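Data block below; observations after.
The values are calculated or read from the model by the stated rules, or taken from the named source; none is laboratory data. Small disclaimer: the values here were computed from a predicted structure and weren't measured. Methodologically, a virtual Cβ is constructed for each residue, glycine included, from the backbone with ideal geometry; neighbour enumeration extends over all protein chains shown. Note: accessible area is taken over every heavy atom of the protein model, side chains too, but ligands, DNA and RNA are not part of it. Shrake-Rupley method; radii C 1.70, N 1.55, O 1.52, S 1.80 Å.
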2 protein chains.
Amino acid sequence: MESLRAAGLEVEAVVVPPGEASKTLERAGRLYEAMLKAGLDRGSVVVGLGGGVVTDLAGFVAATYMRGIAWVAVSTSLLGQVDAGVGGKTGVDHPECKNLIGAFHQPSAVLADVTTLATLPQEELRTGLAEVVKHAVIRDAALFDTLEAEADRILARDAAVLEDVVTRNVEIKADVVMADEREGGLRRILNYGHTVGHALESLAMEADGQLGGAAVTHGRAVALGMMAEARIAQARGTAEAGLLQRQRTLLERFGLPVGLDAPPDAERCLQIMRHDKKAQSGRLRFILPQTIGAVCDTDDVTDDEIREALRCLAAGC
Amino acid sequence: MESLRAAGLEVEAVVVPPGEASKTLERAGRLYEAMLKAGLDRGSVVVGLGGGVVTDLAGFVAATYMRGIAWVAVSTSLLGQVDAGVGGKTGVDHPECKNLIGAFHQPSAVLADVTTLATLPQEELRTGLAEVVKHAVIRDAALFDTLEAEADRILARDAAVLEDVVTRNVEIKADVVMADEREGGLRRILNYGHTVGHALESLAMEADGQLGGAAVTHGRAVALGMMAEARIAQARGTAEAGLLQRQRTLLERFGLPVGLDAPPDAERCLQIMRHDKKAQSGRLRFILPQTIGAVCDTDDVTDDEIREALRCLAAGC
């Protein structure tokens, strides 16, 4: 705010309580109110400064205030810097469905200052790392090598390594999104780990809020989702030898879960997946890894293959 | 619904109470709920069947459900057919600002069946006719001639004449919108009559809800707004001789107000206009008619010119 004011701009701050509970239509309503009161017009700019919740929400109110004004994403979490803040997906949650209400609205700029990550809680760093591993598996073998080689320095928040990692992740995400903004084709590869992951996340929220021995986070769910989905590819024989193991080892080094004590309720998982918004006309799509760095997009995975992969999360197979 | 079902489609109806009071974020929230319950996915289509309130609302929830699904506008009011249903502006109201929350989201199709106008209340027909006169003044002298020649048959809801008039109005609106979807330039000409009109409408709502001797409607406000704005052009000497009088005569034949018993509160009007979302950085823009069929876009109208034009609404000058 100081630097913007020093540049001669008028700035008003609106603080949003932390956590997913702020991503609601009601909260958006209060923001419109504050924006109107502050006199924002079509030439004004919304700056979302915070984690993924804040940038999703800021982007959504920018997308829908006076039919769309400019916004800038300034992500202060690793998840925001490598994922949520890039790509133009904005939105709020419906009580029964995350991100149900939203719009595509590209930010005018995305700013990522890795020094903000120095104070990020460890669990939130891990959530971002799950998406970082995902980007490497779907698109960039060299990044995967870097993650393996630099895992300790990443966990120690080494700014130089983080800057390199964040930069490469933004490039991957931006490349995919520029080729396919609306998720008709290529963008779907970003869903790797998310079909099963979202179901596990929902299931954990319905139960005790625990997943893999700790409070559920999006990152924990995605890590387990990637394990299950890589397991499907391995069982089909379409994944290169060793892929599942390399992914497991890297996720473990980052402190992410790779298995469960008890198998999840497979029938409930299947039900949730079918209700997931990515299921077009009831058909489940999966992104399956072929090699580290390359995936395929398929819609012929059977319910039995999914059941077996979920069983393996507990059996360790 | 019958014809869609006969074509093999699944159809669910959600009824929205009539009137502007339904254009709220809360109502949108209930629609998302109904859409989720009905199982709408990204391949589903929203059909807005009704007047401008319904198509604005239907378009907005379509724009923001799962970050945008397809929609079709089926307008059953003249205002909807010639204006609200065409152009992709969708949105809901904020208690203090109409259409504050919205998005640009073009419908996949716009259907206008003029036989639905047979049962439209006379005052709502007039509201549509105010926009029809506006289109003629800003863009189409031949349409203005037709309106003068066919006024009686239009008021008698002659289907053949209405079909011709609606078609030509949709063409005008669509042409302007295709050239400038986001209102950076040409689209602004559609605001003719609306800068003063919106202020008069707000002022009437703050007071007794009456405007020009009857309950305020958008059409009555726009008719008076066009009179005030044409008066500014005439006083500047930039409008052709007789323009103001021809516009006055046609509006009167359609039963629209062209003057007020007492002058509106000019200072309050100026205040409202400056708060209007069309005022970029406080500078008021006006669309001023030059001839029937051509306008210019200006931002150098002084407050005194506006005061004088408002005074003339009561003085009849």
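One table, with the values for the structure above:
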| quantity | calculated |
| --- | --- |
| Using alpha-carbon coordinates, inclination of helix A:243-253 to the longest axis of chain A, degrees | 50 degrees |
| In Å², nearest 10: area of residue A:296 left accessible to a 1.4 Å probe | 40 Å² |
| Length-normalised contact order for the stretch A:2-112 - Cα pairs under 8 Å, 6+ apart - percent | 23 percent |
| 7 Å along Cα→Cβ, label-point gaps from residue B:175 to other copies, nm, shortest first | 4.7 |
| Chain lengthening between residue A:34 and residue A:245 when straightened (0.36 nm per residue, less Cα-Cα) | 70.9 nm |
| Magnitude of the charge dipole, the stretch A:105-195, Cβ model with Lys/Arg +1 and Asp/Glu -1, debye to 20 | 320 debye |
| Point-charge dipole on Cβ atoms (K/R +1, D/E -1) for chain B, about Cα centre, debye to 20 | 460 debye |
| Gyration tensor verdict on the stretch B:1-123 (Cα atoms; rounded if a/c is under 1.5, prolate if a/b is larger than b/c, oblate otherwise) | oblate |
| Zone residues, the stretch B:18-51, relative to residue B:11, backbone N less than 16 Å from point 7 Å out along Cα-to-Cβ | B:45-50 |
| Among A:240, A:181, A:96: highest mean-square fluctuation, GNM of chain A, C-alpha pairs under 10 Å | A:96 |
| Nearest-first distances (nm) between copies at residue B:238, label 7 Å from Cα via Cβ | 6.4 |
| Over 31 Å (Cα to Cα) - which of A:23/B:173; A:134/B:23; A:173/B:173; A:37/A:89; A:37/A:98; A:134/B:89 fall in this group | A:23/B:173; A:134/B:23; A:173/B:173; A:134/B:89 |
| Cα convex hull volume per residue for the stretch B:1-65 (Å³) | 83 Å³ |
| Stretchable slack from residue A:235 to residue A:163, in nm (0.36 nm times residue separation minus alpha-carbon distance) | 22.3 nm |
| Computed P(r) (all Cα pairs; the stretch A:237-317; 10 Å bins; percent) | 16, 41, 39, 4 |
| Heavy-atom surface of the stretch A:12-158, accessible at 1.4 Å and reported per residue (Å²) | 37 Å² |
| Quarter of the Cα convex hull surface for the stretch A:127-197, i.e. its orientation-mean projected area (nm²) | 4.9 nm² |
| Pair residue A:109, residue B:109: separation of 7 Å Cα→Cβ label points (nm) | 4.5 nm |
| Buried solvent-accessible surface, both chains (A, B), 1.4 Å probe, Å² to nearest 100 | 2900 Å² |
| Rounded, prolate or oblate (a/c below 1.5 giving rounded, otherwise prolate when a/b exceeds b/c) for the stretch B:199-292 by Cα gyration tensor | oblate |
| Efficiency of FRET from Cβ geometry, residue B:180 and residue B:296, R₀ 25 Å, rounded to 0.05 | 0.95 |
| Cysteines, the protein assembly as shown, no other Cys beta-carbon under 4.7 Å | A:97, A:269, A:296, B:97, B:269, B:296 |
| Nonlocal amide H pairs with residue A:295, under 5 Å, H built at 1.01 Å | A:290 |
| Options B:99, B:77, B:133, ranked by Cα towards positive dipole end of the stretch B:1-146, top entry (Cβ charges) | B:99 |
| Radius 11 Å from Cβ of residue A:233, net charge of other residues (Lys, Arg +1; Asp, Glu -1) | -1 |
| Candidates A:14, A:82, A:222, ranked by Gaussian network fluctuation over chain A, Cα under 10 Å, top entry | A:14 |
| Helix B:159-179 vs. chain B, principal-axis angle (Cα, 0 to 90°, nearest 10) | 90 degrees |
| Between 0 and 90°, nearest 10: helix B:25-37 axis offset from chain B longest Cα axis | 20 degrees |
| Karplus-derived 3J(HN,Hα), 6.51/-1.76/1.60, for each residue of the stretch A:132-143, Hz, glycine and proline x | 5, 4, 4, 4, 5, 5, 7, 9, 8, 4, 5, 5 |
| Long-range HN-HN contacts of residue A:65 with modeled amide H, under 5 Å | B:102 |
| Prolate/oblate/rounded call for the stretch A:183-227, Cα gyration tensor, a/c under 1.5 rounded | prolate |
| 3J(HN,Hα) from dihedral phi, the stretch A:224-240, Karplus parametrisation 6.51/-1.76/1.60, rounded to Hz, x for glycine, proline | 5, x, 5, 4, 5, 6, 5, 5, 4, 5, 5, 5, 6, x, 9, 9, 5 |
| 7 Å along Cα→Cβ, label-point gaps from residue B:249 to other copies, nm, shortest first | 9.1 |
| Rounded accessible area of residue B:205 (nearest 10 Å², 1.4 Å probe) | 130 Å² |
| Cα pair distances of the protein assembly as shown binned at 10 Å [whole percent] | 3, 15, 23, 21, 15, 11, 8, 3, 0 |
| Quarter of the Cα convex hull surface for the stretch B:119-315, i.e. its orientation-mean projected area (nm²) | 10.5 nm² |
| Placed amide H near residue B:24: partners under 5 Å, 5+ positions off or other chain | B:93 |
